[in-house]
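S.K.: Could you have a look at this structure, given as structure tokens, before my questions?
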Amino acid sequence: MREAYPQNRLVWLVWAASAVVAIGFFFIPAFIIRPFAHQSPRGLLVAMALRDRAPWGTLAAALLCVLLALMLWQAANLWRRIALGLVILLVVFSTVMARLNYFEWMFHPVPNPQFQSESESKLDNGEMIMAVRFGADARAYPISEMAYHHVFNDVVEGVPVVVTY
């Protein structure tokens, strides 16, 4: 019976490592690539490399994690089974999310743009804007808002425009 314990410990260790890999493939890029957060060139390089490999990396790590969890399930007590189940849920979530373009959820189009006159505007004096003017019609788009949406469709003096940042 003593020989099964080190082998069981090794299975738990490999299970935990595969779970960390699967979860990390999703959460590391999601944490690093955020609007208005500092992104160092090296950090961004790591995040993009993980993001590129995430679909296959999460799948391989998740399959190993689920297989090992099935092996561990029989001998596990109630608390370990709960831990196995919760971690497997997080691994499956990470595996699914690695296949979606969740950055599009952050950078979505403005559904109902609202414009204010200059006197009603609450922009700080130092706020950067993008401006478009055709004839007597002029519009200003705050960079802080454009950073989330990147593309803004508008009509200025009857001319359709696309403002992008």
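What follows is calculated from the coordinates using simple rules that are stated; it is not laboratory data. Quick caveat, the model's predicted, so the values are computed rather than measured. Don't worry about glycine lacking a Cβ; one is built from the backbone with ideal geometry, like all the others, and counts go over all protein chains shown.
S.K.: Between residue 81 and residue 140, 0.36 nm times their residue separation minus their Cα-Cα distance comes to what?
M.R.: 15.6 nm is the gain from fully extending residue 81 to residue 140.
S.K.: Select from segment 1-98 those trypsin sites (Lys or Arg not before Pro) which occupy a DSSP coil region and have at most 13 other Cβ atoms within 10 Å, ordered by residue number.
M.R.: For trypsin sites (Lys or Arg not before Pro) across segment 1-98 that sit outside H, G, I, E and B with at most 13 neighbouring Cβ atoms in 10 Å, the list reads 2.
S.K.: While we're on this one: Where nothing but the Cβ of Lys and Arg (+1) and of Asp and Glu (-1) is charged, how large is the charge dipole of segment 108-165 around its Cα centre, in debye to the nearest 20?
M.R.: 120
S.K.: How many percent of Cα pairs in segment 23-69 exceed 15 Å? Intermediate results must be reported in sequence, preceding the final value.
M.R.: Working: 505 of 1081 pairs.
Considering segment 23-69, 47 percent of its Cα-Cα pairs are separated by more than 15 Å.
S.K.: Another question about this same structure. Which residues make up the longest stretch of the chain clear of GluC sites (Glu not before Pro) that lie in a DSSP loop with no more than 10 other Cβ atoms within 10 Å, not counting the sites?
M.R.: Values: sites that count: 3, 118, 120.
It runs 4-117.
S.K.: Compute the Rg/Rh shape ratio of segment 54-138: radius of gyration over Kirkwood radius, all on alpha-carbon atoms.
M.R.: Rg/Rh: 1.39.
S.K.: For residue 99 and residue 156 in the same chain, what is the full-extension length gain: residue separation times 0.36 nm, less their Cα-Cα distance, in nm?
M.R.: That works out to 16.7 nm of additional length.
S.K.: I've got another one for you. Taking the convex hull of the Cα atoms, report for the chain its projected area averaged over all directions, in nm².
M.R.: Average of the hull's projected areas for the chain equals 14.5 nm².
S.K.: Per DSSP helix of 4 or more residues, -39500 (n - 2.57); summed, then divided by the residues of the chain. What does that give at 222 nm, rounded to the nearest 500?
M.R.: Rounded to the nearest 500, the figure is -19000 deg cm²/dmol.
S.K.: What Kirkwood Rh does segment 108-165 have if only Cα atoms enter the pairwise 1/r average? Answer in Å.
M.R.: Numbers: mean 1/r = 0.0826 Å⁻¹.
For segment 108-165, the Kirkwood estimate is 12.1 Å.
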